[in-house]
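The values are calculated or read from the model by the stated rules, or taken from the named source; none is laboratory data. Keep in mind that what you see is a predicted model, and the values were worked out from it rather than measured. Note: ideal-geometry Cβ built from the backbone for every residue, glycine included; neighbour counts use all protein chains shown. When the accessible area is computed, the model is the full protein with side chains, heavy atoms only, and any ligands, DNA or RNA have been set aside. Shrake-Rupley method; radii C 1.70, N 1.55, O 1.52, S 1.80 Å.
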Amino acid sequence: MKLEFEDCILNTASRQLSRGGSIVPMEPKMYLLLEVLIQRRPAVVSNMELDEILWPKAYVERSSLTRLVSELRTVLGDSARDSRVIRTVYKTGYSFAAEVAESGAKRL
């Protein structure tokens, strides 16, 4: 399935993200974070739940998730200030804020 948002296309079958027509390399945890946020949109996914999904059975500093979200925003052309794609819910978690459409389908 291909999901379009902003100037990005996420191909879930090939697990690839393209932005502006070019493939963007993504580490596995970054891809998983994006996939989870899109699947759960527009709901907020808590920091604790994201930690459990991304780093199961491991303790990580809060800064690990913050860093990963920041890197994902950069890849998507988003920023914490604008939050067009990933919205921060202070001390709670994150949600996917952009409109998403399946390729060739009407925007959801």
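Considering only residues of segment 22-48 that are assigned to a helix (DSSP H, G or I) and open to solvent by less than 30 Å² (accessible area, probe 1.4 Å), which is nearest to Y90 (Cα to Cα)? In this case the residue turns out to be N47. Cβ separations smaller than 9 Å between residues 6+ apart or across chains give the following pairs from segment 10-26 residues that are more than 18 Å from D78 (Cβ to Cβ) to residues that are open to solvent by 30 Å² or more (accessible area, probe 1.4 Å) and among the small types (G, A, S): N11/S103. Of the numbered criteria (1) in contact with a helix residue (DSSP H, G or I) (Cβ under 7 Å, 6 or more places away or on another chain); (2) aliphatic (A, V, I, L, M); (3) under 14 Å from F96 (Cβ atoms), the one L68 fails is (3).
Look at Y59 and say whether it is open to solvent by 80 Å² or more (accessible area, probe 1.4 Å), out of contact with any Leu (no Cβ under 7 Å at 6 or more places or on another chain), among the aromatic types (F, W, Y) and outside any strand (DSSP E or B).
Numbers: open to solvent by 80 Å² or more (accessible area, probe 1.4 Å): yes; out of contact with any Leu (no Cβ under 7 Å at 6 or more places or on another chain): yes; among the aromatic types (F, W, Y): yes; outside any strand (DSSP E or B): yes.
Yes: the conditions hold for Y59.
Out of segment 62-86, which residues are outside any loop (DSSP other than H, G, I, E, B), touching a strand residue (DSSP E or B) at 6+ places or on another chain (Cβ under 8 Å) and in contact (Cβ under 8 Å) with a residue 24 or more places away in the chain? Hits for segment 62-86 are V69, L72, V75, L76, I86. Can we say D51 is among the acidic types (D, E), in a loop (DSSP other than H, G, I, E, B) and open to solvent by less than 30 Å² (accessible area, probe 1.4 Å)? No. If the condition is being open to solvent by 60 Å² or more (accessible area, probe 1.4 Å) and more than 16 Å from N47 (Cα to Cα), then segment 81-108 contributes R81, D82, R84, E99, E102, G104, K106, R107, L108.
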